[in-house]
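Reviewing the structure listed below.
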Number of protein chains: 2
Amino acid sequence: MTTLPGMADEDLLRLDQQICFSLNAASRAFGGVYRVLLKDLGLTYPQYLVMLVLWEDGDLPVKRIGERLRLDSGTLSPLLKRLEAAGLVRRERSPEDERSVTVRLTAEGSALRGRAGQVPRRLLTATGLPVEDLAALRALLDRVTGALDSAVVDPAP
Amino acid sequence: MTTLPGMADEDLLRLDQQICFSLNAASRAFGGVYRVLLKDLGLTYPQYLVMLVLWEDGDLPVKRIGERLRLDSGTLSPLLKRLEAAGLVRRERSPEDERSVTVRLTAEGSALRGRAGQVPRRLLTATGLPVEDLAALRALLDRVTGALDSAVVDPAP
DNA sequence: CGCAATTCAATTGCGCACAACTCAATGGCG
DNA sequence: CGCCATTGAGTTGTGCGCAATTGAATTGCG
C-alpha cells in the first residue's frame, strides 16, 4: 500500500505543513507581484490570464477559455462581464449554437497586448531564477497537477 | 540590465503564460484535493493551515498566526470567528495588552488533530511524486517566494 | 417525431485574499 | 504629564474560486 514506511504521522504532518505552506506562499507572492505589474493596465491577475489566452488564440467561446484556465462559468461569467465593462472584450451569443457565448477582443483589448509586453520580462527577473530553473519548476508543477487531478480521492478513509 | 538577451517579448509572453498557468493550476489542484480530504473534518484548506499552526505552536495571538501564514487580519478575523463558532478555538483579549487577541485551542480543537493524522499521507500519495521530488519542489517554491517578496517592483516602467 | 438527457452560460451563496479604513490600546518623546 | 505616532483587530468593499442550481438550447434515443 501507500504507507511510506518509516515515517510517523507526526513527521508527515510537518512535511505536509511545509509543502502546502510553500505552495500557498508562492502562489500569493506571484499574485502580489502581478498585481503591481498589472495595476496600470487596469487588470487583475485572473483577468490577465484570460487576456493572455485571447491574445494567443483569438476569439473563443467561454467554454474554451474555461478549459484552458481550469475555470468554470461561476468564475468566468462575472469576470468576463467586468472585462466587457472595461471595453476590452465583447460577448456574443453564437448564431449556430445559441447556448454558447463567444468572447471577442475589441480593438482596445487587442491594443492592450502591446502595453503588456514588458510584464513577463519584469516578472521573470523578479523571480530571481534562471529560465532553466523556471522550466523545471513548471514541469514539476504540471506533474503534480496531473497526478492530483487524476487521483480519485475518496472522502472517507 | 535585465534584458535576457536573445528572447523576444513574444517568447517571454508565452513562457510567462505557461508559468503562471502552471502555478495557478497546481495551487487550485492542491486546494481541490485538500477540500475533499478535509470535508469530514469540517475544515476548509485555510482553516486547516491555521489549525496546523496551532497544533504545532499551541496558543498564539492573531498577529503571530498571520506572520506564520502570511495572512492579515482582514482574512484571519472572520476565519477565526468561524473556527470559534465551530467550537475548535476560543479567542480572548490578552490581559497584558488589550489590543492583542490570543487564540486558544479548545479540547475539541486539540482532539481534531488525531482525526487529521491521515490527511498528509493521503495527500502525499495523491501528488504521485516521491518525497525527494516534493522536497525539491518546496525548495524551488521557497526560493521564488523569497525573491518575489524582496523584489521591489516599481509599478510604472 | 417527441421526450428525456445533456450541454452551456449565468446566478446564488459561501469562504478566502487583499486594500483601505476605523477604533482602541500602547509607547515614546518633548 | 500630555500628545501623537504606532500597533493590533476588526470592518467594509471588491474580486476570485467553487459548489449547487437554474434555464434555455441542443442532442440523442426510442
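Is it the case that residue B:125 is outside any loop (DSSP other than H, G, I, E, B), under 30 Å from residue A:128 (Cα atoms) and of a type in the set (S, T, N, Q)?
So residue B:125 fails the test.
If you go through the stretch B:99-126 and pick out every residue that is at the interface with another protein chain (Cβ under 8 Å from one of its Cβ atoms) and of a type in the set (S, T, N, Q), you end up with 2. Would you check if residue B:157 is at pLDDT below 90, facing chain A (nearest Cβ under 7 Å) and out of contact with any helix residue (DSSP H, G or I) (no Cβ under 7 Å at 6 or more places or on another chain)? Yes: the conditions hold for residue B:157.
Being within 12 Å of DNA strand D (Cβ to nearest atom), within 14 Å of chain B (Cβ to nearest Cβ) and surrounded by 15 or more Cβ atoms within 10 Å (Cβ to Cβ) is the requirement here; does residue A:148 meet it?
Details: within 12 Å of DNA strand D (Cβ to nearest atom): yes; within 14 Å of chain B (Cβ to nearest Cβ): yes; surrounded by 15 or more Cβ atoms within 10 Å (Cβ to Cβ): yes.
For residue A:148, the condition - within 12 Å of DNA strand D (Cβ to nearest atom), within 14 Å of chain B (Cβ to nearest Cβ) and surrounded by 15 or more Cβ atoms within 10 Å (Cβ to Cβ) - is met.
Residues in the stretch A:34-45 that are hydrophobic (A, V, I, L, M, F, W, C) and surrounded by fewer than 21 Cβ atoms within 10 Å (Cβ to Cβ): 3 in all. Please work out if residue B:71 is under 30 Å from residue A:142 (Cβ atoms), assigned to a helix (DSSP H, G or I) and not small (Gly, Ala, Ser). Taking the combined requirement at face value, the residue does not satisfy it.
Is it the case that residue B:143 is at the interface with chain A (Cβ under 7 Å from one of its Cβ atoms) and either part of a loop (DSSP other than H, G, I, E, B) or under 23 Å from residue B:71 (Cα atoms) (or both)?
On the way: at the interface with chain A (Cβ under 7 Å from one of its Cβ atoms): yes; either part of a loop (DSSP other than H, G, I, E, B) or under 23 Å from residue B:71 (Cα atoms) (or both): yes.
Considered against the rule, which asks whether it is at the interface with chain A (Cβ under 7 Å from one of its Cβ atoms) and either part of a loop (DSSP other than H, G, I, E, B) or under 23 Å from residue B:71 (Cα atoms) (or both), residue B:143 comes out as yes.
Tell me the residue from B:88, B:112, B:124, B:140 that is of a type in the set (A, V, I, L, M, F, W, C) and within 16 Å of DNA strand D (Cβ to nearest atom), please. Before the answer, list the steps.
On the way: B:112 fails: within 16 Å of DNA strand D (Cβ to nearest atom); B:124 fails: within 16 Å of DNA strand D (Cβ to nearest atom); B:140 fails: within 16 Å of DNA strand D (Cβ to nearest atom).
The unique qualifying residue is B:88.
Taking into account only those residues within the stretch B:76-85 that are of a type outside the set (Gly, Ala, Ser), surrounded by 12 or more Cβ atoms within 10 Å (Cβ to Cβ) and near DNA strand D (Cβ under 8 Å from one of its atoms), which is farthest from residue B:106 (Cα to Cα)? The extreme case among them is B:76. Across the stretch A:22-68, the number of residues qualifying as under 17 Å from residue A:104 (Cβ atoms) and either part of a helix (DSSP H, G or I) or within 9 Å of DNA strand C (Cβ to nearest atom) (or both) comes to 17.
The values are calculated or read from the model by the stated rules, or taken from the named source; none is laboratory data. Bear in mind the structure is a predicted one, so any value in this text is a computation, not a measurement. Because the Cβ atoms are built from the backbone with ideal geometry, glycine has one as well, and the counts that use them run over all protein chains shown.
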